[in-house]
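The values are calculated or read from the model by the stated rules, or taken from the named source; none is laboratory data. Please read these numbers as outputs of a predicted model, since none were measured by experiment. Backbone-built Cβ (ideal geometry, glycine too); neighbour counts: all protein chains shown. Surface areas here come from the heavy atoms of the whole protein model, side chains and all, with no ligands, DNA or RNA. Shrake-Rupley method; radii C 1.70, N 1.55, O 1.52, S 1.80 Å.
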Amino acid sequence: MTSVTDFLLNRSSQPRLEAPAPDAATLKQAFACAARAPDHALLRPWRYLVIQGDGLEKLGQLFAATCANNSDEKEIDKLRRAPLRAPMIIVGVASPVVHPKVPEIEQVMSAAVGMSFVQLALQEAGFGVMWRTGSVAYNAAVREGLGLEEHEQIVGFLYTGRVAQAKPAVPRPEVAEFVRQWP
(Lines give C-alpha, C1' and ligand atoms only; values in the text may rest on other atoms or scores of the structure.)
Protein backbone atom coordinates (compact mmCIF):
# COMPACT_ATOMS: atom_id res chain seq x y z
CA MET A 1 0.00 0.00 0.00
CA THR A 2 1.28 3.48 -0.83
CA SER A 3 1.21 6.38 1.57
CA VAL A 4 -1.60 7.91 -0.53
CA THR A 5 -3.72 4.77 -0.21
CA ASP A 6 -3.05 4.53 3.51
CA PHE A 7 -3.96 8.19 3.92
CA LEU A 8 -7.23 7.73 2.01
CA LEU A 9 -8.20 4.65 4.00
CA ASN A 10 -7.77 6.63 7.22
CA ARG A 11 -9.44 9.86 6.07
CA SER A 12 -12.48 11.08 7.98
CA SER A 13 -14.62 14.16 8.32
CA GLN A 14 -14.17 16.10 11.55
CA PRO A 15 -17.13 18.17 12.76
CA ARG A 16 -15.47 19.70 15.85
CA LEU A 17 -13.04 22.34 14.66
CA GLU A 18 -11.30 25.30 16.27
CA ALA A 19 -8.67 27.94 15.51
CA PRO A 20 -6.24 28.24 13.97
CA ALA A 21 -7.37 28.05 10.38
CA PRO A 22 -4.94 27.11 7.63
CA ASP A 23 -2.41 29.85 6.87
CA ALA A 24 -1.87 31.43 3.45
CA ALA A 25 0.93 29.05 2.43
CA THR A 26 -1.15 25.98 3.35
CA LEU A 27 -4.13 27.34 1.42
CA LYS A 28 -1.99 28.09 -1.61
CA GLN A 29 -0.72 24.50 -1.60
CA ALA A 30 -4.26 23.12 -1.19
CA PHE A 31 -5.59 25.22 -4.07
CA ALA A 32 -2.63 24.13 -6.22
CA CYS A 33 -3.80 20.57 -5.56
CA ALA A 34 -7.33 21.55 -6.61
CA ALA A 35 -5.97 22.74 -9.94
CA ARG A 36 -4.87 19.12 -10.59
CA ALA A 37 -8.47 17.86 -10.72
CA PRO A 38 -9.45 16.13 -13.96
CA ASP A 39 -10.60 18.92 -16.26
CA HIS A 40 -11.71 17.92 -19.75
CA ALA A 41 -10.59 20.62 -22.24
CA LEU A 42 -8.80 22.57 -19.48
CA LEU A 43 -11.86 24.74 -18.86
CA ARG A 44 -11.07 25.32 -15.17
CA PRO A 45 -14.78 25.36 -14.32
CA TRP A 46 -14.29 26.08 -10.63
CA ARG A 47 -13.40 28.75 -8.15
CA TYR A 48 -13.24 29.05 -4.39
CA LEU A 49 -14.27 31.58 -1.77
CA VAL A 50 -12.39 31.68 1.55
CA ILE A 51 -14.50 32.90 4.46
CA GLN A 52 -13.23 33.63 7.97
CA GLY A 53 -13.53 36.22 10.73
CA ASP A 54 -16.53 38.52 10.33
CA GLY A 55 -17.34 36.77 7.05
CA LEU A 56 -18.49 33.72 9.01
CA GLU A 57 -21.13 35.80 10.80
CA LYS A 58 -22.25 37.31 7.48
CA LEU A 59 -22.52 33.82 6.03
CA GLY A 60 -24.62 32.82 9.04
CA GLN A 61 -26.96 35.71 8.30
CA LEU A 62 -27.28 34.48 4.70
CA PHE A 63 -28.07 30.99 5.97
CA ALA A 64 -30.67 32.30 8.44
CA ALA A 65 -32.33 34.37 5.72
CA THR A 66 -33.22 31.14 3.89
CA CYS A 67 -35.77 30.24 6.56
CA ALA A 68 -39.43 30.61 5.75
CA ASN A 69 -41.48 33.20 7.62
CA ASN A 70 -43.06 30.44 9.72
CA SER A 71 -39.70 29.02 10.91
CA ASP A 72 -39.14 28.93 14.63
CA GLU A 73 -36.36 30.98 16.23
CA LYS A 74 -34.47 27.82 17.19
CA GLU A 75 -34.14 26.75 13.54
CA ILE A 76 -33.13 30.26 12.44
CA ASP A 77 -30.52 30.50 15.22
CA LYS A 78 -29.09 27.08 14.29
CA LEU A 79 -28.54 28.25 10.71
CA ARG A 80 -27.12 31.57 11.89
CA ARG A 81 -24.56 29.79 14.10
CA ALA A 82 -23.68 27.00 11.61
CA PRO A 83 -20.69 28.79 10.02
CA LEU A 84 -19.21 29.45 13.47
CA ARG A 85 -18.41 25.72 13.81
CA ALA A 86 -14.99 26.35 12.26
CA PRO A 87 -12.53 29.23 11.96
CA MET A 88 -12.63 29.03 8.14
CA ILE A 89 -15.03 27.89 5.45
CA ILE A 90 -14.01 27.36 1.85
CA VAL A 91 -16.89 27.52 -0.60
CA GLY A 92 -16.39 25.38 -3.69
CA VAL A 93 -18.08 26.94 -6.72
CA ALA A 94 -18.73 25.19 -10.01
CA SER A 95 -18.51 27.76 -12.79
CA PRO A 96 -19.34 25.84 -15.96
CA VAL A 97 -19.16 27.30 -19.44
CA VAL A 98 -20.94 26.30 -22.63
CA HIS A 99 -18.64 23.95 -24.52
CA PRO A 100 -19.42 21.76 -27.55
CA LYS A 101 -17.62 18.69 -26.16
CA VAL A 102 -17.77 19.06 -22.38
CA PRO A 103 -21.23 18.83 -20.81
CA GLU A 104 -22.04 20.94 -17.76
CA ILE A 105 -22.23 17.87 -15.51
CA GLU A 106 -18.60 17.00 -16.28
CA GLN A 107 -17.58 20.52 -15.32
CA VAL A 108 -19.52 20.33 -12.05
CA MET A 109 -17.86 16.98 -11.29
CA SER A 110 -14.46 18.56 -11.97
CA ALA A 111 -15.27 21.28 -9.42
CA ALA A 112 -16.32 18.65 -6.87
CA VAL A 113 -13.11 16.66 -7.41
CA GLY A 114 -11.11 19.86 -6.95
CA MET A 115 -12.94 20.47 -3.67
CA SER A 116 -12.06 16.95 -2.59
CA PHE A 117 -8.40 17.58 -3.42
CA VAL A 118 -8.48 20.74 -1.25
CA GLN A 119 -10.00 18.66 1.55
CA LEU A 120 -7.32 15.99 1.29
CA ALA A 121 -4.48 18.53 1.09
CA LEU A 122 -5.73 20.30 4.22
CA GLN A 123 -6.01 17.02 6.08
CA GLU A 124 -2.50 16.06 5.02
CA ALA A 125 -1.33 19.42 6.41
CA GLY A 126 -2.81 18.49 9.79
CA PHE A 127 -6.16 20.27 9.64
CA GLY A 128 -9.58 18.81 10.19
CA VAL A 129 -12.25 19.26 7.55
CA MET A 130 -15.96 18.70 7.15
CA TRP A 131 -17.64 19.00 3.75
CA ARG A 132 -21.21 20.23 4.16
CA THR A 133 -24.01 21.08 1.77
CA GLY A 134 -27.66 20.99 2.83
CA SER A 135 -30.45 23.21 1.58
CA VAL A 136 -28.34 26.38 1.95
CA ALA A 137 -25.97 25.14 -0.77
CA TYR A 138 -28.83 25.09 -3.26
CA ASN A 139 -30.56 28.28 -2.17
CA ALA A 140 -30.67 31.14 -4.69
CA ALA A 141 -30.41 33.81 -1.96
CA VAL A 142 -27.21 32.24 -0.61
CA ARG A 143 -25.71 32.00 -4.10
CA GLU A 144 -26.63 35.61 -4.78
CA GLY A 145 -25.37 36.78 -1.38
CA LEU A 146 -22.00 35.13 -2.09
CA GLY A 147 -21.80 36.91 -5.45
CA LEU A 148 -22.19 33.85 -7.65
CA GLU A 149 -23.19 34.31 -11.27
CA GLU A 150 -26.49 32.89 -12.54
CA HIS A 151 -24.75 29.88 -14.15
CA GLU A 152 -22.68 29.02 -11.05
CA GLN A 153 -23.52 26.63 -8.24
CA ILE A 154 -22.11 25.69 -4.87
CA VAL A 155 -20.55 22.22 -4.70
CA GLY A 156 -19.95 22.45 -0.98
CA PHE A 157 -18.89 24.33 2.12
CA LEU A 158 -15.59 22.98 3.43
CA TYR A 159 -15.32 23.76 7.13
CA THR A 160 -11.71 23.66 8.30
CA GLY A 161 -9.51 24.28 11.33
CA ARG A 162 -7.66 22.28 13.95
CA VAL A 163 -9.50 19.23 15.27
CA ALA A 164 -10.94 20.12 18.68
CA GLN A 165 -12.14 16.60 19.40
CA ALA A 166 -11.71 13.67 17.01
CA LYS A 167 -14.87 11.78 16.25
CA PRO A 168 -14.97 7.99 16.44
CA ALA A 169 -14.20 6.03 13.28
CA VAL A 170 -17.19 5.46 11.02
CA PRO A 171 -17.75 1.88 9.84
CA ARG A 172 -17.20 1.55 6.11
CA PRO A 173 -18.84 -1.01 3.81
CA GLU A 174 -16.96 -3.98 2.46
CA VAL A 175 -15.88 -3.46 -1.15
CA ALA A 176 -17.97 -6.45 -2.27
CA GLU A 177 -21.08 -4.59 -1.11
CA PHE A 178 -20.75 -1.87 -3.77
CA VAL A 179 -18.56 -3.29 -6.57
CA ARG A 180 -19.75 -5.74 -9.23
CA GLN A 181 -18.25 -7.17 -12.40
CA TRP A 182 -20.08 -6.29 -15.58
CA PRO A 183 -21.27 -8.01 -17.74
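Straight-line reach from LYS78: taking Cα to Cα under 27 Å and skipping same-chain neighbours fewer than 8 places apart, the lysines in range are LYS58, LYS167. Taking a ≥ b ≥ c as the square roots of the eigenvalues of the Cα gyration tensor, an a/c ratio of 1.5 or more together with a/b no larger than b/c marks the stretch 51-183 as oblate. Across the accessible surface of the chain, with the other protein chains kept in place and a 1.4 Å probe, carbon and sulfur atoms take up 54 percent. Only one residue of ALA65, PRO87, PRO100 has its Cα farthest out toward the positive end of the dipole of the chain, where Lys and Arg carry +1 and Asp and Glu -1 on Cβ, and that residue is PRO87.
About the Cα centre of the chain, what is the dipole size in debye to 20, counting +1 per Lys and Arg Cβ and -1 per Asp and Glu Cβ, all else neutral?
Values: 19 positive and 19 negative charges, 74 e Å.
Computed about the Cα centre, the dipole is about 360 debye.
A dipole drawn for the chain from +1 and -1 charges on Cβ atoms has a positive end, and of SER110, GLY134, ALA121 the residue lying farthest that way is ALA121.
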